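Remarks on the structure that follows.
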Amino acid sequence: MATARTAAELVVGVGARPGVDAAEILALIDTALRALAVPADAVRLLATVDARRDEPGIVAAADHHRWPIAAYPPHRLATVDVPHPGAAPQAALGTPSVAEAACLLPLDPNPAAPRPVLLLPKRTSRRATLAVARHRPPPR
């Protein structure tokens, strides 16, 4: 159960090559959550690019944690300034970042809302990438 300190403020961004399996993504997620010292229920959702929304490994990883999936078109992801852009996602999908950009896209359209903060920059495995951002609620 999420505590006040870890209330579902985190977004896990995932980029993947076609055919990635859930075990590989789940291993990245587990490593990330341990590095941040937060439970899985501190995560609000898993975010990715539209082209990978129905990728079985991504769907299974999100289902495993009971996280919804948010998927964004490459042109939206390409608007996000990221610390680690890459040539591979640019060539394959038309955006220089999936994992970092997807987790950093604001969930709240209110321009006064706090901007998401990258807590864990892009981590990679053989067929996937992952990054984590915190999305604080707007002040009351």
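Rule-based calculations on the coordinates, nothing more; no lab input. In this text the structure is predicted, and so the values were computed from the model without any measurement. Virtual Cβ from ideal backbone geometry, glycine too; neighbours counted across all protein chains shown.
With the simple model of a label 7 Å out from the Cα in the direction of the Cβ, T124 to D108 spans 3.4 nm.
Between L36 and H65, the modelled label-to-label distance comes to 0.7 nm, taking each label 7 Å out from Cα in the direction of the beta carbon.
Shown in residue order for segment 89-98 are the 3J(HN,Hα) couplings computed by the Karplus curve 6.51 cos²θ - 1.76 cosθ + 1.60 at θ = phi - 60°: x, 4, 5, 7, 10, x, 9, x, 8, 10 Hz (x for Gly and Pro). Here the 3J(HN,Hα) profile of segment 16-28, calculated from phi with Karplus coefficients 6.51, -1.76 and 1.60 at θ = phi - 60°, is 7, 7, x, x, 4, 9, 4, 4, 5, 5, 4, 5, 4 Hz, Gly and Pro shown as x.
When the helix-only estimate is applied to the chain (DSSP H runs of n ≥ 4, each -39,500 (n - 2.57), divided by the residue count), what is the mean residue ellipticity at 222 nm, nearest 500 deg cm²/dmol? Intermediate values should be presented prior to the final figure.
Values: 5 runs with 42 residues, N = 140.
So the helix-based figure for the chain works out to -8000 deg cm²/dmol.
Roughly speaking, what is the stretch gain from D54 to R76, that is 0.36 nm per residue apart minus the C-alpha to C-alpha distance, in nm to one decimal?
Working: separation 22, 0.36 × 22 = 7.92 nm, distance 1.84 nm.
Length gained between D54 and R76: 6.1 nm.
From the alpha carbon centroid of segment 21-87 to that of segment 103-140 is 11 Å.
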